[in-house]
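Here's the structure, in structure tokens; my notes come after.
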Amino acid sequence: MSGTADAHAAVKPATLAVYARLLCGFTLALTCSTWRLWTAQTQFPQVPLFGLALRWPTVFDTLGLLVWGLGLACGVWGGANTKLGRTGMLMAWVALLSLIVSDQHRLQPWAYFYLLAAPPLTLLAARQSTAWLRALTASLYFFSAISKLDVRFLQTTGALFLATLLQRFGIHIGADAARLSWILPVGE
């Protein structure tokens, strides 16, 4: 076997535990930083995915948030190698799904990344799980880059982002920002 084949064949369960802990830890941090979105509130209208969720009492949101937080904490504590960690991550997955069903505003990119990444981390073997996560991450970058190949993005948001980024390093590109913004999707 070559060195590359050995590296792919020998995914350590400890590595998988680190991935799970990082996923749960960052997801918990992002949930805390956007806490108003996850609590039952009336400041913004809730937009459920299904009409049935309109009739759910607000206690479902509170219960879902508690299970979500507890499940993520178990995932941080136990990782993907313990029954506690796997069970917690799956509980958090179900709770997140119910929270999103009750309000579409909660469907944040990092939340649906959790929905896609948690099942393979908890249900698959280390080698399969790592392959799934690599494919998921590569596809996210690929589709993100493709979405930036848009004239409006290149002339507005992309140009502004590039100009702002380069100004932090003392480089002022001015009117050339729109012309150079294609670097963003190519670099991604």
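Based on the mean of other Cβ atoms within 10 Å per residue, sort peptides 84-91, 13-20, 123-130, 37-44 so the most packed one is first.
On the way: 84-91: 20.0, 13-20: 17.6, 123-130: 16.1, 37-44: 12.0.
So the order, starting with the most tightly packed, is 84-91, 13-20, 123-130, 37-44.
Rounded to the nearest 500, the helix-only mean residue ellipticity at 222 nm of the chain stands at -22500 deg cm²/dmol, with each DSSP H run of n ≥ 4 adding -39,500 (n - 2.57). Note on the chain: GNM, Cα springs under 10 Å; of Val94, Val67, Val59, the largest mean-square fluctuation is that of Val59.
Using Cβ counts within 10 Å as a stand-in for footprinting exposure, how do Cys74, Cys32, Cys24 rank, fewest first? Each step should come with its number before you reach the end.
Numbers: Cys74 22, Cys32 11, Cys24 27.
Ascending number of Cβ neighbours within 10 Å: Cys32, Cys74, Cys24.
From the coordinates of this entry, Cα extents along the principal axes in Å is computed, and it appears in (1) 44, 40, 30; (2) 59, 54, 29; (3) 57, 50, 32 under the label (2).
Using a cutoff of 8 angstrom between alpha carbon atoms and counting only pairs six or more residues apart, the relative contact order for the chain works out to 21 percent. Taking the chain as a Gaussian network of alpha-carbon nodes connected by springs under 10 Å, the highest mean-square fluctuation of the residues Phe153, Phe60, Phe113 belongs to Phe153. Shown in residue order for the range 73-84 are the 3J(HN,Hα) couplings computed by the Karplus curve 6.51 cos²θ - 1.76 cosθ + 1.60 at θ = phi - 60°: 4, 5, x, 5, 5, x, x, 8, 9, 10, 5, 4 Hz (x for Gly and Pro).
Where a number appears in this text, it was derived from the coordinates with a stated rule and is not lab data. Values in this document were obtained by computation on a predicted structure and should not be read as measured data. Note: ideal-geometry Cβ built from the backbone for every residue, glycine included; neighbour counts use all protein chains shown.
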